[in-house]
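**Q** Just dropping this structure here.
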Amino acid sequence: MARRKKIYEGKAKILYEGPEPGTIVQYFKDDATAFNAEKKDVIDGKGVLNNRLSEFFMNGLGQIGVPTHFIKRLNMREQLVRQVEIVPLEVIVRNYAAGTMSKRLGIEEGTQLPRPIVEYCYKDDGLGDPLVTEEHIAAFGWASQQDMEDILSLALRVNDFLSGVMMAVGIKLVDFKIEIGRVYDGDFQRLIIADEISPDSCRLWDMETGRKLDKDVFRRDLGSLTDAYTEVARRLGVMPQNATPMTKPTLIN
Ligand code: CDP
């Protein structure tokens, strides 16, 4: 069999040409990076967990009518997704202050925000994904006014869905990042959720203890990242209830 063509390799994933036109195979690596790749490590089993967790969230979103790029999971590390044109924005939704918002505005981490706040960053690693306003987005043509309305509505629907799913298992959704893709259906174009939704791109805190169950465990050296992600997967029923943290997770299905 001919080797499939690699389209792109990012920090945590590799994209390969899919079996049908308009499809992509998304491969989840075990690599973890933080602070714009200044801190790097390989975390055994992270890719397997994120593949499964992203499948779980994307499927759930699909079930409530939020369009995503997800088609199906192929194996432990790969999923088939729709090819999209990525809108060059990182869309961040925050429910509680943390990370850069806390630093920028001097708000103590964990402070509940008066309402969900959506922020946009320009997707450019070289520049460290700088925060931008809708003025920049419109002036530089990164997205139209209609796109921005659709993106805001998608972001808030994802926030409501994820917050609810997490609350049901005793986890507070502090913030998260999504990426948006543009697809063309005949003459129509529309925006869908792309990339991944996983503990790599969310802040998740245990409601009782405040324990961090997301990539901050790696960023801030707070223990085993695999243990934290395994705990999220176990609570969501993505892994057997009696699973103990392990470096090579066993998954249902
Ligand atoms: O994560 P950091 O403190 O650098 O930035 P933030 O603006 O506080 O991040 C807000 C949320 O977006 C966190 O859940 C991050 O994990 C996520 N994020 C991401 O997944 N990728 C980025 N390039 C930036 C933020």
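What follows is calculated from the coordinates using simple rules that are stated; it is not laboratory data. Because the structure is predicted, anything quoted here is derived from the model rather than measured. So basically every Cβ, Gly included, is an ideal-geometry build from the backbone, and we count neighbours across all protein chains shown.
**Q** Across the chain, how large is the tail of the calculated P(r) beyond 34 Å, expressed as a percent of all Cα pairs?
**A** 13 percent
**Q** By how many nm would the segment from E17 to S153 lengthen if fully extended, with 0.36 nm per residue of separation less the alpha-carbon distance?
**A** Values: separation 136, 0.36 × 136 = 48.96 nm, distance 3.02 nm.
Length difference between fully extended and current span is 45.9 nm.
**Q** Computed from the mean reciprocal separation of all distinct C-alpha pairs, what Kirkwood hydrodynamic radius does region 21-139 have, in Å?
**A** When all Cα pairs of region 21-139 are included, the Kirkwood radius is 16.9 Å.
**Q** With r as the distance between the Cβ atoms of S144 and D185 and R0 = 22 Å, compute the FRET efficiency 1/(1 + (r/R0)^6) and round to 0.05.
**A** Using R0 = 22 Å, I get an efficiency of 0.80.
**Q** Could you sort out which of K39/K177; K5/K103; K123/K215 sit more than 30 Å apart by Cα distance in this structure?
**A** The answer is K5/K103.
**Q** To the nearest 500 deg cm²/dmol, what mean residue ellipticity at 222 nm is calculated for the chain from DSSP H runs of n ≥ 4 alone, each contributing -39,500 (n - 2.57), summed and divided by the residues?
**A** It lands at -8500 deg cm²/dmol.
**Q** Sorted by mean Cβ packing within 10 Å, highest first, what order do the peptides 169-175, 44-50 take?
**A** 44-50, 169-175
**Q** Between K72 and K5, what length comes free when the chain is fully extended (0.36 nm per residue of separation minus the Cα-Cα distance, one decimal in nm)?
**A** Full extension from K72 to K5 adds 22.2 nm.
**Q** How far apart, in nm, are two points set 7 Å out from the Cα along the Cα-to-Cβ line at D44 and at E134?
**A** 4.9 nm
**Q** Something else now. On a full-extension model of 0.36 nm per residue, what is the gain between S224 and D124, subtracting their alpha-carbon distance, rounded to one decimal in nm?
**A** 33.1 nm
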